[in-house]
Amino acid sequence: GGLGSITGGILGAVFLGITQYYLSGTIAIVVQGFALIIVLMFFPEGIGGIFGLFKTALVGIIAKAKQIDLAEMNLEKLDIGAGSEVVLDSGGLVDSDKRLSEALEKSDLEFDRDIVDISGVVEDPKGEAILEIKNVNASYSKLKILHQVSFGVRSGHIFGLLGTNGAGKSTILRVISGLMNPNAGEIYFAGENITKLKPEVLVAKGVSMVPGGKGVFPSLTVSENLKLAAWLYEDDSDFIENTYQLTFELFPTLKDRIDVEARLLSGGERQMLTIAMNLFLKPKVLLVDELSLGLAPLVISQVVDVLKRLARLGITIVIVEQSLNLASSIVDSCVYLERGVVKYFGSPDKLTGEGGIAKSVFLSHATKDKKLEGNAKLDLQKNTQESYSKPILSFKGVTKTYGGISAISDVDLDVFEGEIHGLIGANGAGKTTLLDICSGIISPSHGYINFKGVDITGIPGYKRAQMGLGRVFQHAFLFPTLSVAETIYLAHDRHVPIKNVFAPMFKIPVYSRTEKLIKESTQEIISKFNLEYFSDSLIAELSTGTKRVVELACLFANQPDFILLDEPTSGLAQKETEALGELILDIQEELKVSLLIIEHDIPMISKISTRLTCLNMGQVISMGTPDQVLSDSSVIEAFLGTDEAVINRSN
């Protein structure tokens with residue numbers, strides 16, 4: 001049962017205690033290992049979950065014997081028997097396979113009613129739909145994600161799955177690829193019902209997936225990853241040889257890195273390798289999750305060109321993309337979702353610009369009623385280095401080498417009090433390495449870091465955090481088994497005056513008062529970031545973008561003196577990104593902090609930053625105001641490229 005179940009924890013401890021008492025050595029390890037495998041295979045809820053199954057079954061038996069109507073009881077959820085799920089909302093019990101319109105009339109969730117009429121969307125009069133989704137519902141535990149989702153994808157098209165964060169876009173890909181079974185509804189591929197097929201069967205039929213940021217085996221080389229990807233057609237030497245030629249034609253970088261371990265590749269190179277691995281599976285439908293996640297504009301432009309070429313070769317492509325501007329330049333048609341409900345189906349043009357239906361779900365509540373137009377809070381003409389009295393953070397000659405290879409080399413950088421300093425550069429330029437050194441995760445090979453006038457080069461990371469140095473990582477590093485409310489509560493830890501187990505045990509007054517204040521602050525932050533719907537959901541159940549919102553909420557709870565932000569818009573929908581720019585300015589103004597931000601969204605970072613620094617191959621190639629840096633020819637060549645749609649990810 002893990003941290004969420006007292007019963008499961010006690011039963012697990014009892015089991016381990018008994019086996020260790022009566023058995024010894026290897027025998028005890030083997031018995032415990034087999035028991036763990038059985039639990040993981042058949043009872044993923046844990047030992048406490050087994051107890052829960054008996055409990056809910058017993059409730060059903062008693063209710064039937066006593067002729068009790070469970071619909072009249074105030075129960076949140078009952079799983080009675082096998083496969084019969086009922087959920088109670090404000091109006092009573094609603095069977096999970098009833099139509100969404102019926103459920104919404106009784107639900108206390110605030111879904112908008114202006115849903116575009118999508119009747120007939122799935123029906124393709126020309127018979128060209130290769131992929132059809134019909135009335136699909138899906139959920140993670142108690143959290144309902146998809147509600148009667150229906151749409152069709154025509155053969156040879158590039159189709160976009162767009163929407164707000166937490167809308168269920170990645171969940172749809174998981175359902176299509178067989179990684180997750182829907183609660184209701186059907187999926188058809190080339191006219192065949194594939195709803196219940198396993199992932200390996202679907203891959204053999206031609207449905208493959210590019211997972212967002214997690215598609216390669218990091219300990220294997222590029223060559224070994226490609227060989228492993230060819231497992232289905234290893235006997236077809238002609239196909240494999242032709243696919244290698246196509247791969248190196250599309251991604252010449254991979255040929256140069258053929259013997260390099262995947263963990264040493266940049267984010268863009270890993271994305272290229274993941275797409276290349278899918279080519280060895282003879283895909284008819286290629287599902288691409290988080291197309292631009294963590295990628296520099298120049299790399300995205302290369303990946304987009306490859307996807308367009310694959311579409312011309314007859315491969316149908318379904319992409320999840322957060323930037324509506326970028327998606328509108330790629331996709332032929334799209335579906336737009338909000339809170340698991342289809343809001344729009346058709347051309348992406350109506351989603352952007354004036355009158356578009358896209359909106360911010362989370363961060364619009366977190367920002368004040370101020371806009372970035374005209375630099376309302378920051379005058380970039382005045383925010384130059386000379387405007388500040390002294391640096392709060394300084395890098396002097398910082399170098400980091402790995403086996404003779406320099407990740408960063410002789411970096412000098414000052415961030416002044418009250419400044420928002422943007423750090424840009426291509427994937428693999430050394431930006432995250434610089435932040436890792438600053439926060440104490442790794443040590444520099446040469447040079448030093450000064451924070452608040454103190455040399456912190458040899459100080460452990462946790463002490464730097466206690467000094468007020470806050471960090472948000474490129475990928476969400478949150479506790480997966482904690483709820484959203486528990487996570488935000490924990491983020492207040494820096495402000496707890498007494499940190500021992502006896503304070504809460506004996507209800508020490510100062511601790512009780514602090515606990516009350518933190519609980520109130522947690523609820524305020526949850527409301528501020530519009531996370532009420534997810535308050536009791538586990539972090540592991542959230543989408544990438546929703547986790548990012550939770551991280552920002554934790555940042556607000558922690559209230560550091562200096563903030564290191566590593567790609568804060570990564571995984572955020574475009575409207576959330578646009579609201580995030582205002583939120584960062586609000587945080588900077590309210591908390592009186594300085595920020596060093598790594599970001600690939602050029603409109604956002606250039607609008608909020610006082611100065612920009614561009615890294616390439618671990619070295620500073622340009623530093624100055626946003627206009628100066630973004631017009632530098634070396635920056636354009638190494639990082640930006642010339643594709644306007646890719647550069648202008650947000651408005």
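The values are calculated or read from the model by the stated rules, or taken from the named source; none is laboratory data. None of the values given here were measured: they were computed from a predicted structure. Positions of Cβ are generated from backbone atoms using ideal geometry, with glycine treated the same way; all protein chains shown enter the neighbour counts. Side chains are part of the model used for accessible areas, which takes the heavy atoms of the whole protein and leaves out ligands, DNA and RNA. Shrake-Rupley method; radii C 1.70, N 1.55, O 1.52, S 1.80 Å.
Determine which residues of region 315-354 fall in the zone a paramagnetic label at Glu249 would reach in this model, i.e. backbone nitrogen under 15 Å from the point 7 Å along Cα→Cβ.
Residues 315 fall inside that zone.
Take the cross-link list Lys463/Lys499; Lys134/Lys196; Lys499/Lys519; Lys507/Lys528; Lys396/Lys452; Lys308/Lys350 and give me the ones stretching past 20 Å between alpha-carbons. Intermediate values should be presented prior to the final figure.
Details: Lys463/Lys499 15 Å; Lys134/Lys196 14 Å; Lys499/Lys519 16 Å; Lys507/Lys528 30 Å; Lys396/Lys452 14 Å; Lys308/Lys350 22 Å.
From the list (Lys463/Lys499; Lys134/Lys196; Lys499/Lys519; Lys507/Lys528; Lys396/Lys452; Lys308/Lys350), the Cα-Cα distance tops 20 Å for Lys507/Lys528; Lys308/Lys350.
Starting from the amide H of Ser445, placed 1.01 Å from N in the peptide plane, find each other amide H under 5 Å away whose residue is 5 or more places distant or on another chain.
When sequence neighbours closer than 5 places are left aside, the close amide H contacts are Thr399, Lys400, Thr401.
Taking 0.36 nm per intervening residue step and subtracting the Cα-Cα distance, what contour gain separates Met617 from Lys308 on full extension? Write down the numbers at each step before the final one.
Working: separation 309, 0.36 × 309 = 111.24 nm, distance 2.89 nm.
Fully extending the segment from Met617 to Lys308 adds 108.4 nm.
Over 19 Å between C-alpha atoms is what I'm after, so list which of Lys169/Lys547; Lys169/Lys431; Lys214/Lys575; Lys169/Lys214 land there. Could the numbers behind the result be given before it?
Numbers: Lys169/Lys547 14 Å; Lys169/Lys431 29 Å; Lys214/Lys575 25 Å; Lys169/Lys214 17 Å.
Among Lys169/Lys547; Lys169/Lys431; Lys214/Lys575; Lys169/Lys214, the Cα-Cα distance tops 19 Å for Lys169/Lys431; Lys214/Lys575.
How high is the FRET efficiency from Asn450 to Ser347, r the C-beta distance, R0 56 Å, rounded to 0.05?
For R0 = 56 Å, the calculated efficiency reads 0.60.
What is the extension gain from Glu192 to Leu517, computed as 0.36 nm multiplied by their sequence separation minus the C-alpha to C-alpha distance, in nm to one decimal?
Working: separation 325, 0.36 × 325 = 117.00 nm, distance 5.69 nm.
Between Glu192 and Leu517, full extension yields 111.3 nm more.
Estimate the FRET efficiency between Glu224 and Ala204 by the formula 1/(1 + (r/R0)^6), using the beta-carbon distance for r and 35 Å for R0, to the nearest 0.05.
Working: r = 22 Å, r/R0 = 0.63.
Efficiency computed from Cβ-Cβ geometry: 0.95.
So how exposed is Val501, as accessible area in Å² (1.4 Å probe, rounded to 10)?
For Val501, solvent-accessible area is about 100 Å².
Please give the Cα centre distance for region 453-487 versus region 572-651, rounded to the nearest Å.
23
Please report the Cα spread of region 197-311 along all three principal axes, rounded to whole Å, starting with the longest.
Sorted largest first, the three principal extents are 35, 28, 26 Å.
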